[in-house]
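Have a look at the structure below before the remarks.
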Amino acid sequence: MTGAINASDGPSFEAHTAKSESVIEADIPRRSLRVGVLGFSVLGVLAVASVLMVLFAVPMNTRYWGIFENFLDLDVYRHGGSVVVQGLPLYDGPVLEGMMFTYTPFAALLFTVWAVLSFKQAIVVWTGLNIAALFAVIVLCWKYLGYRLDVKAYAVSALATTIFLFMEPIRTTLWLGQINIFLLLLIVWDLGRDEKSRLRGIGAGIAAGVKLTPAFFWAYLFITRQWRALVTAVVTFAATVAIGFVVIYNDAYKYWTGTLVDSERVGPTDAPSNQSVSGLIAQLTHTPTPSRVLVLVFSALAVCLGLGAAWIAHRHGQKLLGLTMTGLTATTVSPFSWGHHWVWFVPLVVLAAHYAMVSKKRWAWVAPFVFLLPVLNWSHTWWDPSVIPGTDRFVGMGLFMFVPPEYLRIPTVGVYLWVFTLAAVSTLVLFGWKKWKIPAPDASASVITAA
């Protein structure tokens, strides 16, 4: 496989000045993805396997659990938008069958567009846009890593998109009709651009205005001293808040003065699907109200680890890695992180593949699979018709939904957190301690290294 999928060879040498740690994207000659017949064959087999698993691992016509049998969150978005259109209170009670609207007033205004579509129409359009957004994220990753966007790059991206459909965060995002991939695209497109871009930060501000978690990227912009992007992101976010107050004042007031901190609207903290620090501690201590001291201490450690890795990556010119580590850190320390919030595993696997290509070592190809396999949509079925009315089973999706023996409980219940930890530690070791050299895209280019 290493001979079939390989980046252009290029020399490497250690940088000796601060300027060599940051190379303007326009000055980097584009390397080409060298994918041979064997490489496309491997990717093709994995893509076909992914489609089969998505459609048949949990049969697609299975009521509620099949890939096209849910879209509950999309319906909540539609009804939230409809409530706004009708001028009814948005946060006083459920908007759909006991489901609360948990997003910002600005998000509700955006969702009014979907209220004009029927549920089936919305499913088709939303799913198509999600897959297109996933493809765009992968293409942007290759672009920001210095690859030429030629026919092969688009073909590899299409195959990778198909493979990632069986990644649990992606499969669940599609299954529920979630918004996570769109927010991922906004951040990658916006903050992956040249730091001299005048409007850089606006995408991050809009993303935070829709769902507050992306505001965590302000910390990344702060520690890396990207002041213009930071100011732009904060001002843009403030504008989204102001729009909410102008258009639906009462709802905006209620949200920002109370609804915002009501975590019970999201789910119980000790739910297996809560792949965050608070969720891990709650599950290990068998309580829905984990110790706040423990949560704060371990969250602080996670922030130091994740942002430390992001800072090291940015300092040595690995901008996409820095963004990815920040996204993973935000999800780790969020009070509640469903499995589908972890869409930042997509650029993480792309990065692992990239570093495997430039390392020229066969064993390096273990890395993409180490990060991919634990986050695939491994499912388990419990035959219990009483769980959800109208269904004859309960399907747990993701490794965290398995019921392990007690001695495997710690590594299993927080599997996504351990993937994050491995990624952060690997970043610190490769770029902070080992001083790993990254081969230049072209023989005539300067090199970005971990000097």
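The values are calculated or read from the model by the stated rules, or taken from the named source; none is laboratory data. Note that the structure is a prediction, hence the values are computed from the model and not measured. Cβ coordinates were reconstructed from backbone atoms using ideal geometry, including for glycine residues, and neighbour counts include every protein chain displayed. Note: accessible area is taken over every heavy atom of the protein model, side chains too, but ligands, DNA and RNA are not part of it. Shrake-Rupley method; radii C 1.70, N 1.55, O 1.52, S 1.80 Å.
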Residue check, Val429 against (1) under 23 Å from Ser276 (Cβ atoms); (2) modelled with pLDDT of 90 or more, all met but one. Which one? (1)
Scanning the range 26-77 residue by residue, those among the small types (Gly, Ala, Ser) and farther than 26 Å from Ala115 by Cα turn out to be Ala26, Ser32, Gly36, Gly39, Ser41, Gly44, Ala47, Ala49, Ser50, Ala57
In the range 349-387, which residues are among the polar types (S, T, N, Q) and within 19 Å of Leu165 (Cβ to Cβ)? Asn377, Ser379
Tell me, please, whether a residue that is part of a helix (DSSP H, G or I), under 30 Å from Val375 (Cβ atoms) and without any contact (Cβ under 8 Å) to a residue 60 or more places away in the chain can be found in the range 265-281. yes
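Conditions tested, residue by residue: (1) surrounded by fewer than 17 Cβ atoms within 10 Å (Cβ to Cβ); (2) over 27 Å from Tyr91 (Cβ atoms); (3) not basic (Lys, Arg).
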residue	(1), (2), (3)
Ser276	no, no, yes
Ala282	no, no, yes
Ala300	yes, yes, yes
Ala310	no, yes, yes
His314	no, yes, yes
Residue pairs qualifying under the 6 Å Cβ cut-off, at least six apart or on distinct chains, with the first in the range 98-113 being closer than 14 Å to Val76 by Cβ and in contact (Cβ under 8 Å) with a residue 60 or more places away in the chain and the second being open to solvent by 30 Å² or more (accessible area, probe 1.4 Å) and assigned to a helix (DSSP H, G or I), are Met100/Arg265; Thr102/Arg265
Within the range 361-403, work out how many residues are of a type outside the set (D, E, K, R), open to solvent by 30 Å² or more (accessible area, probe 1.4 Å) and at pLDDT below 85. 9
In this structure, is Leu221 modelled with pLDDT under 95 and either crowded, with 20+ Cβ neighbours inside 10 Å or over 30 Å from Ile410 (Cα atoms) (or both)? no
Criterion first (over 16 Å from the mean Cα position of the chain (by Cα) and either basic (Lys, Arg) or under 27 Å from Gly308 (Cα atoms) (or both)) does Lys211 satisfy it? no
Within the range 364-433, which helices (runs of 4 or more DSSP H) (wholly inside it) include 2 or more residues that are among the basic types (Lys, Arg)? none
State which residue is surrounded by the most Cβ atoms within 10 Å (Cβ to Cβ) when the search covers only the range 28-52 and only residues that are of a type in the set (Gly, Ala, Ser) and part of a loop (DSSP other than H, G, I, E, B). Ser32
How many residues are under 30 Å from Leu321 (Cβ atoms), part of a helix (DSSP H, G or I) and either touching a residue at least 60 places away in the same chain (Cβ under 8 Å) or in contact with a Gly (Cβ under 6 Å, 6 or more places away or on another chain) (or both) if we restrict to the range 224-247? 6
At pLDDT below 90, part of a helix (DSSP H, G or I), surrounded by 17 or more Cβ atoms within 10 Å (Cβ to Cβ) and of a type in the set (S, T, N, Q), is that true of Thr332? no
I'd like to check which helices (runs of 4 or more DSSP H) are fully inside the range 53-166 and have at least 2 residues that are over 26 Å from Thr324 (Cβ atoms) and open to solvent by 60 Å² or more (accessible area, probe 1.4 Å). 72-86, 119-144
